[in-house]
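First up is the structure itself, then whatever we jot down about it.
The values are calculated or read from the model by the stated rules, or taken from the named source; none is laboratory data. What you see is a predicted model; the values in this text were computed from it and never measured. Cβ sites come from the backbone with ideal geometry, for glycine too, and all protein chains shown count toward neighbours.
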Amino acid sequence: MGKYADRYFQVHPWQIIEDGFNPDYSEVAESIFSLGNEYTGLRGYFEEGYSGKSLQGSYLNGVYERRMLPKSGYKGMLPFTEFMVNTVDWVYTRVFCNGVTLDLAVSAISGFRRVLDLRTGVLCRSFTWQVDQGTEVELSFERFTSMEREQLVGQKLTAKVVRGQADLTILAGLDFTRPHVSVGDALFQVKTQDAAMGGASILAATKTTGQSVYAAAAFHGMEGKPSMEDGIAANQFTVSLIAGQTVSLNRVVTLLSARNDTEQASLSQRIQAANAELEKVDYDALKAESAAWWEKQWAVSDIEIQGDPENQQGIRFCIFQLHQTLHTAKYGAVFGAKGLTGEAYNGNTFWDSEVYCLPFYLFNNPQAAKSFLKFRYDTLPEAKQRAAALDCKGAFYPIATISGRECCDLWQHASLQLQATTGVAYGIWNYVHQTGDKDFLHGCGAEMLVEISRMLASRGDWDPVTGGYGYYCVMGPDEFQMMVHHNAYTNFMGKKALLFTLETLAEMDPKQIEKLGVTQAEREDWQEKADRMYIPYDEETRLFEQNMGYFHLPHRDPGSIPVEEFPLYAHWSYERIYRNDLIKQPDVLMFMMLYGSEFTKEQLTANFDYYEPRCIHESSLSPSIHSILACRLGRMEKAESMFDFATRMDLDNYNRNTREGLHTTSIAGAWMNIVYGFGGLISDGKILTLNPCIPKGWEKYTFCLWVGGSLLRIGVTQEEVSLEVLQGDAVKLKLYGREVTADKQTSTYRREDEA
Ligand code: BGC
């Protein structure tokens with residue numbers, strides 16, 4: 001796949017360590033050292049200001065701005081797009097000593113070290129500043145975002161004079177003047193700002209969407225005086241120190257967003273309550289409380305790998321980032337493709353959420369899993385409007401969104417891709433399948449399913465030749481084929497969605513169904529369309545055809561394309577990409593992975609052998625799916641080569657674009673790669689199935705899964721598989737095809753290799 005590591009951070013089982021500062025990696029490090037707690041996210045930029053390269057970003061989930069698009073005369077084109085916006089710089093600090101300003105782009109420093117501790121969620125940075133000929137000051141910074149009280153975040157600065165005399169001035173506050181990097185301008189209007197001794201606050205609103213953000217800081221440890229500039233509310237702390245003396249300043253900040261009318265209406269009340277809480281909260285106690293959250297979470301969601309320190313660190317980093325992006329269902333938050341770590345992909349959520357990310361939460365934090373579906377339920381009205389704009393009935397979920405409205409300004413993606421909609425249906429099915437939450441299914445779930453089915457029944461058509469039903473002019477997950485007919489993935493997932501809707505309705509009370517307004521005629525129509533859905537399949541070769549005509553496309557061997565021509569989007573004219581059989585990411589193989597229990601090994605072999613060599617993995621979502629399937633086929637060499645960079649995609653900047661933000665949804669793919677791939681999990685059947693294999697260099701790996709209220713730990717060595725229930729009742733599952741029961745007593749089985 002022509003990707004290679006750009007190793008910069010040190011390998012450690014529980015920490016990400018930057019030893020010595022290299023400005024060439026400043027932006028990559030900002031992404032890697034991002035902190036977040038679902039409510040807010042902060043890139044790892046230097047709080048004291050930095051005149052070198054930086055993509056400074058501080059985000060609040062669901063706070064976005066709007067950009068108008070050129071007017072189009074065509075129906076269904078978007079009038080505007082929306083993007084997550086850079087908000088308040090709540091770690092804003094400026095440090096001056098003996099009249100010199102600290103700026104790591106120019107200041108003389110030594111002993112730079114930055115450590116993100118994955119066990120506690122605390123980021124520390126320290127170095128010694130050679131201020132002038134006679135003075136040296138040791139500085140250390142610390143920050144965290146609370147996982148228990150998501151609206152609270154903290155930062156601390158400690159300065160120790162090691163040589164000479166230091167007249168130190170620290171400016172610490174809240175800065176709302178920072179530009180949104182890709183726009184080059186600050187997108188907030190400050191409404192009020194205030195600074196008093198020991199505190200500062202600021203209230204601002206986005207310019208076009210009118211959302212509000214309130215931030216208030218309480219400073220402790222030093223006595224300061226208020227300091228105000230336009231858009232910056234701060235305190236200034238001045239102190240003279242001699243060698244050996246230390247000062248320490250900490251702040252706790254409360255961040256509040258008002259993203260919609262309901263939140264706006266309660267904002268002043270919430271501000272009052274937040275200010276009152278701020279007076280009471282102690283920095284160290286808040287930090288300890290958040291660290292305790294991490295400790296509890298690691299106990300149930302760690303993956304331990306013995307014998308491979310790089311992947312050990314890599315997978316823990318992935319798990320850490322996933323929890324940072326979502327860990328509670330409290331806020332109806334958006335799960336962006338880059339999480340809360342950068343402006344790329346505009347903070348938009350994609351089909352990745354339900355299809356790639358949801359499984360991690362279902363098996364690690366089932367309560368949070370519901371949040372994906374809550375977001376889709378809350379945005380059902382927008383999906384219905386989008387369906388109408390595309391001349392469909394029901395609900396058409398956007399391919400990229402932050403507010404529920406379509407934000408993808410590439411019309412061929414926005415109008416032709418049905419996988420966000422089928423992904424929502426799949427997500428509901430998977431959520432209910434794993435959790436058994438029928439209340440949800442028969443309420444919000446059914447409402448969404450009905451609207452999805454209405455769309456699916458109106459968007460498709462009958463094939464005059466085969467007599468089958470299917471979708472014309474679509475773009476499947478393989479975005480290298482556009483305007484195709486009978487895309488196998490779309491038809492397959494459409495059929496599944498229709499059938500699941502019908503199954504759901506069949507088990508519901510007639511009164512509940514009446515409320516949904518579904519007619520008998522509609523149900524019959526959906527049944528017929530599902531039954532007669534055309535899935536292009538050849539019995540003899542066992543191949544699914546990716547879409548009608550795919551087998552007629554000219555063949556291009558990925559190996560014949562010069563490395564410099566990747567990524568193809570940047571080097572080939574747009575339409576050239578569509579004129580051959582190259583595949584961007586799994587399409588047929590994708591539904592075969594999602595519904596693993598429905599296909600025979602022979603079918604999987606045939607399709608894997610046909611499609612895998614044609615795939616160039618232009619999307620980072622691609623290799624993990626191939627690796628999982630290679631495991632299912634017992635092709636360990638292939639599986640390991642596809643897994644090669646999964647867990648370290650960002651740590652080693654494999655795609656050379658980590659600076660823009662982390663590949664958060666691919667990170668979920670890395671988790672799946674271990675659990676569904678090496679662990680051999682198949683979770684779509686009646687009973688959970690495990691067929692564990694193990695990479696040859698690993699001595700052992702263990703992972704946990706929540707299964708119907710029980711926490712199951714699975715350990716795999718080269719020889720054995722062990723099962724143990726850590727919490728809850730015994731769990732029945734299939735191991736290598738045989739039914740076994742796991743309980744509190746560890747049971748051990750011989751590991752088997754796929755024949
Ligand atoms: C992929 C899509 C994905 C999007 C966001 C694209 O490159 O092709 O499948 O939804 O990235 O991750």
Scanning for something at pLDDT below 95, more than 16 Å from the ligand (Cβ to nearest atom) and closer than 21 Å to N260 by Cα, does the range 356-371 turn up at least one residue?
yes
Can you find a residue that is in contact (Cβ under 8 Å) with a residue 12 or more places away in the chain and within 16 Å of the ligand (Cβ to nearest atom) anywhere in the range 637-649?
yes
Going through the range 197-243 one residue at a time, which ones are more than 32 Å from the chain's Cα centre (by Cα), more than 22 Å from G99 (Cβ to Cβ) and not in a strand (DSSP E or B)?
M197, G198, G221, D230
Do you know which residues across the range 654-666 are in a helix (DSSP H, G or I) and within 11 Å of the ligand (Cβ to nearest atom)?
T664, T665, S666
Lone qualifier among L621, L582 - being in contact (Cβ under 8 Å) with a residue 60 or more places away in the chain, crowded, with 19+ Cβ neighbours inside 10 Å and more than 13 Å from the ligand (Cβ to nearest atom)
L582
For the range 102-143, how many residues are part of a strand (DSSP E or B), closer than 25 Å to L35 by Cβ and of a type in the set (S, T, Y)?
3
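So that you can scan it fast, the table gives a plain yes or no per residue for (1) among the β-branched types (V, I, T); (2) buried (at least 24 other Cβ atoms within 10 Å of the Cβ); (3) in contact with a helix residue (DSSP H, G or I) (Cβ under 7 Å, 6 or more places away or on another chain); (4) not in a helix (DSSP H, G or I):
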{"site": "F335", "(1), (2), (3), (4)": "no, yes, yes, yes"}
{"site": "T341", "(1), (2), (3), (4)": "yes, yes, yes, yes"}
{"site": "E354", "(1), (2), (3), (4)": "no, yes, yes, no"}
{"site": "L358", "(1), (2), (3), (4)": "no, yes, yes, no"}
{"site": "Y361", "(1), (2), (3), (4)": "no, yes, yes, no"}
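Quick grid of which residues meet (1) in a helix (DSSP H, G or I); (2) within 16 Å of the ligand (Cβ to nearest atom); (3) crowded, with 23+ Cβ neighbours inside 10 Å; (4) without any contact (Cβ under 8 Å) to a residue 40 or more places away in the chain:
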position: W671; (1), (2), (3), (4): yes, yes, yes, no
position: I674; (1), (2), (3), (4): yes, no, yes, no
position: I687; (1), (2), (3), (4): no, no, no, no
position: W698; (1), (2), (3), (4): no, no, no, no
position: L705; (1), (2), (3), (4): no, no, yes, no
position: R713; (1), (2), (3), (4): no, no, no, yes
position: S722; (1), (2), (3), (4): no, no, no, yes
Can you name every residue in the range 585-596 that is assigned to a helix (DSSP H, G or I) and either at pLDDT below 95 or within 13 Å of the ligand (Cβ to nearest atom) (or both)?
M590, G596
Within the range 601-638, which residues are more than 24 Å from L690 (Cβ to Cβ), part of a helix (DSSP H, G or I) and in contact with a strand residue (DSSP E or B) (Cβ under 7 Å, 6 or more places away or on another chain)?
A606, Y610, Y611, R614, S622
Condition first: outside any helix (DSSP H, G or I) and under 10 Å from the mean Cα position of the chain (by Cα). Now tell me which residues in the range 314-333 satisfy that.
L326
